[in-house]
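Each reported figure results from applying straightforward, stated rules to the coordinates on display, with no laboratory input. Predicted model, so just to flag it, every value in this text is computed and none were measured. Reconstructed Cβ throughout: ideal geometry from the backbone, glycine too, with neighbour counts over all protein chains shown.
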Amino acid sequence: MTSLVGKVAVVTGASRGIGRGIALSLGDAGATVYVTGRATRAQPGQVPLAGTVDETAEEVTKRGGKGIAVRCDHRQDAEAEQLFQRIQSEQGRIDLLVNNAWAGYEGLHDGSDFPIEQKFWERRLSFWDDNLFGLRAAYIASVFAARMMVARGSGLIVCVSHRIRPNQFGSPAYHIAKTATDRLAAEMAHNLRGYNVTAVAIYPGLVRTEGIMKYAEYMDLTHSESPEYVGRAVTALASDPAVFEKTGRALWVSDLAREYNFTDTDGTQPVPTWRYE
């Protein structure tokens, strides 16, 4: 089994969904994982879905890692800065940052963004902010993480993204957010190239998050993947001594599964139906 014992990671937006899956997989590998998000036992989340940073951190520890829950609203720069100051104080290092925090689906979870076929001028104005929130959160967290990584001369920054094809249209806010996330990873990689710090974007397929499963009856889940499949991709990257060769790229989870020879929790290697479109 891959070992990340002694490594320090931050996974943003990890109370549930893909972030939780990534944190748990890192726990399987023995990493110390700072689990961030807004939902805690004391302060429930803003969306009607189960999951808290406390629960994720506890499960990380049960799996062999060390989970540390931190309530952090990544909309607040000061809270993000305090998070990394704490990590510097407690650990003296950070090896991996996973930028996963995302608010673009919150309107689907609470019902405010239905019908989903709305044109951009029909949507609430804050739909833009919810979609672009994750991009800014990734930038701010990466600034603080990069300062620590550059000082050590090593590190990995992973941005969870989604491939937007050149001929794919229909949701300006979402498509711009994801396209920009890819560009952010590439731009950071360029700046970090002389410091042995890697920055990549990754593309999951259809992931069986709590939000997706809420509408499972309306979806074809045949080629879907678990959140931990994404986590195993991140874990594989974090344990690869040659990961810097991938810096600046956008990587499919399904491709990484074949390259690093890992499977989903059910033993399969699912490939998104739109992977080769």
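With neighbour counts taken as other beta-carbon atoms within 10 Å, the residues THR61, THR209 rank, fewest first, as THR61, THR209. Relative to the longest principal Cα axis of the chain, at what angle does helix 53-62 sit, 0 to 90 degrees, rounded to 10? Tilt relative to the chain: about 50 degrees. Computed about the Cα centre, the dipole magnitude for the range 193-277 is approximately 340 debye when only Lys and Arg (+1) and Asp and Glu (-1) carry charge, each at its Cβ.
Note on SER112 and ALA216: the extension gain reaches 35.6 nm, defined as 0.36 nm multiplied by sequence separation minus the Cα-Cα distance. Across the range 22-32, computed HN-Hα scalar couplings (Karplus, 6.51 cos²θ - 1.76 cosθ + 1.60, θ = phi - 60°) run 5, 4, 5, 5, 5, x, 4, 8, x, 6, 8 Hz from first to last residue, x flagging Gly and Pro.
Our Cα-only numbers for the chain put the radius of gyration and Dmax at 17.5, 50 Å. For the range 1-125, the fraction of alpha-carbon pairs lying more than 26 Å apart is 26 percent, rounded to a whole number. When only the Cβ of Lys, Arg, Asp and Glu is charged (+1, +1, -1, -1), the dipole of the range 16-122 relative to its Cα centre reaches about 360 debye.
Once the Cβ-Cβ distance of GLU259 and ARG183 is raised to the sixth power relative to R0 = 22 Å, the FRET efficiency obtained is 0.40.
In whole Å, how far is the Cα centre of the range 17-84 from that of the range 150-199? If you average the Cα positions of each part, the centres end up 22 Å apart. The fewest-to-most ranking of LEU184, LEU125 by surrounding Cβ atoms within 10 Å reads LEU125, LEU184.
Would you mind working out the magnitude of the charge dipole of the chain relative to its Cα centre, with +1 at each Lys and Arg C-beta and -1 at each Asp and Glu C-beta, to the nearest 20 Debye? Could you put the intermediate results ahead of the total?
Details: 30 positive and 32 negative charges, 130 e Å.
In total the dipole reaches around 620 debye.
Taking the number of Cβ atoms within 10 Å of each Cβ as an exposure proxy, the fewest-first ranking of LYS246, LYS7 is LYS246, LYS7. Between the helical axis of 172-192 and the longest alpha-carbon principal axis of the chain there is an angle of about 20 degrees.
In this structure, the pairs whose alpha-carbon distance is over 26 Å, taken from LYS7/LYS246; LYS66/LYS214; LYS178/LYS214; LYS119/LYS178, are LYS66/LYS214.
Debye-formula intensities of the range 187-252, expressed as log10 I(q)/I(0) at q = 0.13, 0.20, 0.21, 0.24 Å⁻¹, are -0.48, -0.81, -0.85, -0.98 (one equal scatterer per alpha-carbon, no solvent).
A Förster radius of 41 Å combined with the Cβ-Cβ distance from GLU122 to VAL143 puts the calculated FRET efficiency at roughly 0.70.
Per-residue Karplus couplings for the range 133-147, computed as 6.51 cos²θ - 1.76 cosθ + 1.60 with θ equal to phi - 60°, are listed in order as 3, x, 5, 5, 4, 5, 5, 5, 4, 5, 4, 5, 5, 4, 4 Hz, Gly and Pro entered as x.
If one takes the longest principal axis of the Cα atoms in the chain, at what angle in degrees, from 0 to 90 and to the nearest 10, does the Cα axis of helix 227-239 lie? On a 0 to 90 degree scale, this one is about 30. Relative contact order of the range 8-260, taken over Cα pairs closer than 8 Å and 6 or more residues apart, is 20 percent.
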